[in-house]
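Readers should treat all values here as calculations from the given coordinates under stated rules, not as data from a laboratory. Since the structure is predicted, the reported quantities are computational estimates derived from the model, not experimental observations. Here the Cβ is made from the backbone with ideal geometry for all residues, glycine too, and neighbour counts use every protein chain on show.
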Amino acid sequence: MKNNQIIITINSIEDREKYQKLGITKFAYPLADFCVGMPNVFSYAEVSEDGYLFVNRILDNEGIDKLKDILDKVKCKGIIFDDLGVLELVKDKKMEKILFLSHFNTNKESIRIYLEYVDSVIVSSDITYEEIKLINEEFKGKLTLFTLGYVSGMYSRRLLVDNYSKFHHLKKENPIEIIENDVKFLVYENDYGTIFYHKPIFNGLELMNLDAQYYFINSAFLASDDIINLLNNTYQKEFDRGFLDKETIYKLKGE
Amino acid sequence: MPELLAPAGDLERLKIAYLYGADACYIGGKDYSLRANAKNFSLEEILEATNFAHSLKKKIYVTVNIVFHDQNLISLEDYLNKLKDINVDAVIASDIIVVSLCHKLGLEVILSTQSSILNYSAIKFWQSLGVKRFVLGREATREDIIRIKKECHVELECFIHGAMCTSISGKCILSNYMTGRDSNRGGCAQICRWPFKRCDKNAPDFTFMSKDLNMVEYIEDMINIGVSSFKVEGRMRSVYYIATVILCYRRIIDKIISHTLTDEDKQYYHKVLDRVANRDTMPQFYQKFPGVNESYFNDRIEVSNQDFLGIVIDYDEKNKLITLEQRNYFKVGDVVEFIGPNMDNVTYTIKTIFDEDKNTLDVARHPQMIVYLPFDGKIVKYAMMRAKIFDK
């Protein structure tokens, strides 16, 4: 196993200890006020020096200013981020930079360009196993593969659960689960927006057969025992392979 | 001068948009455009459109804004080269490979709203790659725009009217999950307009559909804070919608420039714009965070607008006769209104309708039938006849 190449977001410090027993050594800390879709977050002071900051919000100017202050104070190994504005803040800092530009990074040439600016790029899980394999071969040992966890199907800056609850005069529940045509989503919001996670959990552990730099696990809304069972191949619940076997339709008029 | 930027799904819409006051249009090619369901333009049509735009001293931008998979890259550089040869004014892109290739080829790039930019720091990154103009995320607030303008001195293009994604643009793959169509490659099935059941309890359907955008109230303020280009959404909208929306905003901008825009004007344009849309319109993120009022929560019936009665295809000044192509039912006695480029709105009571053989008719009931209307006044080709709804 390549568990020492896994980077996993953690929900608690206790989880970290459990994962360490499996040989996992790289932990990402969802940073309070800089994440969406993450029910458990950490202040920058709680981030360990060998940890990674996890910042998946699309940031406004105020967010950029606040993050800049934190980056001047925090001691950490690296940062995983979505907003390219973060790149400008960390470009001269001695920390590992991993770009998680969700739903982008689906082709070699764009990844080649981004690798001029960062140490690794998380390849989108919106493409097939074969596509990921070919991209990964091109940059052997430089890429990070999204391997396990809930995948965001939509990120809105609106407070969709709050608005829905207010309109219908319902006691607010957060998260909620919704379904249409047998497709389920877990919907969770915080002050910075709403994430729709596709259900069930994405299990792309076979991507660990590819020779990547890191294998990324998003543990949001997952119990550490479930993740451990998944890694040990003893998971009994339903899971999903996302688009690994299903190429999405590139719809062209006239094709 | 602020630029009024119109959508155009085909050549007819493009010409109407320019004639009704757009300073520039954005179009999609048959490849690489995020509105795969629009008719879109072949390279020959892009050439014709570009020549038409430039003959009017106006600009044209081509969207190449899908998120590319490797298989889509094969002909990309060749395609961009052709756009350069055609002499389009800019390409609208979000994928960094398109930005990079455009830079290499000497093509101007406008960074698409798909790139979800809400901060000055992201702008600085893209500036370092040669991008000079940006379409900010639709979630950008007034304060965001002011700060970005102050820090970066870039050209900013902002949406002012039309449909809104519920998602941050580029951050939604609901279509991929629900239909297999790739939303970031032109296949968006507008899943955010679907109701979902709650699976954890018996509760009302979960809906999350945004109302449309309307910035009539804030155009003057947007000009003052340095927005360069005012963008209307809707490459799949009708010619009548395009004409009406562009004409309204053309007149609003012109009146702002000449310091003659009144509250009464704004109320009138609000009414006209609300009438032509099939959804309610709101300012959304500009001044406050959108809440309950900016979204829909119940099933809604979208009623198609029947106001568009016909388009003027000729005017015989000698015989004082309009040639009109019918679009919706009208009859003798109806009070209608002509709107058009470079003319004031004209109220007109239909007293006589002639068919193509100059026989009189009581009613024009067939779509695209040609009829003649006696008219003594100033009217221009491509003027539109609509139901008279509001006084102004």
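Would you please calculate the Kirkwood hydrodynamic radius of the stretch A:109-162 over all C-alpha pairs and express it in Å, rounded to one decimal?
13.0 Å
Over what distance in Å are the Cα centres of the stretch A:115-140 and the stretch B:120-157 separated?
After rounding, the separation between the Cα centres reads 28 Å.
Would you compute, for the Cα atoms of the stretch B:308-387, the largest minus smallest coordinate along each principal axis and list the three values in descending order, in whole Å?
Extents along the principal axes: 30, 26, 20 Å.
Just add up the charged neighbours of A:Ile179: K/R +1, D/E -1, any other residue whose Cβ is under 11 Å from the Cβ of A:Ile179.
In short, -1.
Among A:176-182, A:229-235, A:216-222, how do they line up by average Cβ neighbours within 10 Å per residue, starting with the highest?
A:216-222, A:176-182, A:229-235
Given the options B:Ile16, B:Leu111, B:Tyr286, identify the residue whose Cα lies farthest towards the positive end of the charge dipole of the stretch B:3-296 (+1 on Cβ of Lys, Arg; -1 on Cβ of Asp, Glu).
So the residue we want is B:Tyr286.
Determine the shielding of peptide B:89-98 by partner chains: average, over its residues, the number of Cβ atoms on other chains within 10 angstrom of each Cβ.
What the average comes to for B:89-98 is 3.
I'd like the Karplus ³J(HN,Hα) series for the stretch B:135-148: coefficients 6.51, -1.76, 1.60, θ = phi - 60°, whole numbers in Hz, and an x wherever there's a Gly or Pro.
3J(HN,Hα) across the stretch B:135-148, in whole Hz: 9, 5, x, 5, 7, 5, 8, 4, 5, 4, 5, 4, 5, 5.
Might you report the magnitude of the Cβ-based charge dipole of the stretch B:308-387 about its Cα centre, with Lys and Arg at +1 and Asp and Glu at -1, to the nearest 20 debye?
That gives a dipole near 120 debye.
Which of A:Tyr192, A:Asn229, A:Thr248 sits farthest toward the positive end of the charge dipole of the stretch A:105-250, with +1 on the Cβ of Lys and Arg and -1 on the Cβ of Asp and Glu?
The listed residue farthest towards the positive side: A:Tyr192.
³J(HN,Hα) across the stretch A:220-230 via Karplus (A = 6.51, B = -1.76, C = 1.60, θ = phi - 60°), whole Hz, x for Gly/Pro?
Values per residue, Gly and Pro as x: 3, 6, 10, 6, 4, 5, 5, 5, 4, 4, 4 Hz.
Suppose only helical runs count, i.e. DSSP H with n ≥ 4. What mean residue ellipticity at 222 nm does that imply for chain A under -39500 (n - 2.57) per run, divided by all residues and rounded to the nearest 500 deg cm²/dmol?
-7000 deg cm²/dmol
Taking N as the number of residues in chain B, what is its Cα Rg relative to 2.2 N^0.38 Å?
Dividing the Cα radius of gyration by 2.2 N^0.38 Å gives 1.04.
By counting other Cβ atoms within 10 Å of each Cβ, how are B:Trp194, B:Trp126 ranked from fewest to most? Show your work: numbers first, answer last.
On the way: B:Trp194 16, B:Trp126 22.
Listed from fewest to most nearby Cβ atoms, that is B:Trp194, B:Trp126.
What percent does the relative contact order of the stretch A:186-255 come to when contacts are Cα pairs within less than 8 Å and at least six residues apart?
With pairs under 8 Å counted, the relative contact order is 35 percent.
With springs only between Cα atoms under 10 Å apart, run a GNM on chain B and tell me which of B:Val232, B:Val64, B:Val335 wobbles the most.
Result for chain B, Cα springs under 10 Å: B:Val335 fluctuates most.
Using only the Cα atoms, what convex hull volume per residue in Å³ does the stretch A:40-141 have?
Values: hull volume 11.6 nm³, N = 102.
Value for the stretch A:40-141: 114 Å³ per residue.
In debye to the nearest 20, how big a dipole does chain B give about its Cα centre with +1 on each Lys and Arg Cβ and -1 on each Asp and Glu Cβ?
Dipole of chain B, to the nearest 20 debye: 500 debye.
Tell me which GluC sites (Glu not before Pro) from the stretch B:297-392 have a DSSP coil assignment and no more than 14 other beta carbons within 10 Å of their own.
Counting only loop positions with at most 14 other Cβ atoms within 10 Å, the GluC sites (Glu not before Pro) in the stretch B:297-392 are B:Glu302, B:Glu317, B:Glu356.
Give me P(r) over the protein assembly as shown, computed from all C-alpha to C-alpha distances, binned every 10 Å, as integer percentages.
Cα pair-distance distribution for the protein assembly as shown, in percent: 3, 15, 25, 25, 17, 9, 4, 2, 0, 0.
Nearest 20 debye, what's the magnitude of the dipole of chain A about its Cα centre given +1 on Lys and Arg Cβ and -1 on Asp and Glu Cβ? If you can, show how the numbers build up before the last one.
Details: 32 positive and 41 negative charges, 31 e Å.
Dipole magnitude for chain A comes out near 160 debye.
So what's the back-of-envelope 222 nm ellipticity for chain B, counting only DSSP H runs of four-plus at -39500 (n - 2.57) apiece and dividing by all residues, rounded to 500?
Details: 10 runs with 107 residues, N = 392.
When only DSSP H runs of four or more count, the value is -8000 deg cm²/dmol.
Using modelled backbone amide H atoms (1.01 Å from N, in-plane), which distant-in-sequence or interchain residues come within less than 5 Å of A:Ile201's amide H?
Distant-sequence amide H within range of A:Ile201: A:Asp240.
Explain nothing, just the number: relative contact order of the stretch B:228-354, from Cα pairs under 8 Å at least 6 residues apart, as a whole percent. Don't jump to the answer; show the numbers that get you there.
On the way: 93 pairs, mean separation 17.9, N = 127.
About 14 percent, as a whole number.
Just rank A:Lys68, B:Lys211, A:Lys108, fewest to most, by other beta-carbon atoms within 10 angstrom.
Details: A:Lys68 15, B:Lys211 18, A:Lys108 21.
Ordered from fewest to most neighbouring Cβ atoms within 10 Å, A:Lys68, B:Lys211, A:Lys108 come out as A:Lys68, B:Lys211, A:Lys108.
Compare the Cα positions of B:Ser229, B:Asn345, B:Phe308 along the charge dipole of the protein assembly as shown (+1 at Cβ of Lys, Arg; -1 at Cβ of Asp, Glu; about the Cα centre) and return the one farthest towards the positive end.
Checking the options against the dipole of the protein assembly as shown, the answer is B:Asn345.
Among the trypsin sites (Lys or Arg not before Pro) within the stretch B:1-65, which fall in a DSSP loop and have no more than 15 other Cβ atoms within 10 Å of their own Cβ?
B:Lys57
Give me B:Asp89, B:Asp95 sorted ascending by neighbouring Cβ count inside 10 Å, so fewest comes first.
Working: B:Asp89 18, B:Asp95 29.
The order, fewest Cβ neighbours first, is B:Asp89, B:Asp95.
Provide the net charge surrounding B:Leu105, with neighbours chosen by a C-beta distance below 11 Å and charges set as Lys +1, Arg +1, Asp -1, Glu -1.
-1
Work through the residues other than A:His168 whose Cβ is under 11 Å from its Cβ and net out their charges, Lys, Arg +1 and Asp, Glu -1.
Details: positive: A:Lys166, A:Lys171, A:Lys172, B:Arg198; negative: B:Asp205.
Net of charged neighbours comes to +3.
Which of the lysines could be linked to B:Lys320 by a straight reach, that is with a Cα gap under 27 Å, when you skip same-chain ones fewer than 8 residues away?
Correct list for B:Lys320: B:Lys15, B:Lys331, B:Lys351, B:Lys358, B:Lys378, B:Lys381, B:Lys388, B:Lys392.
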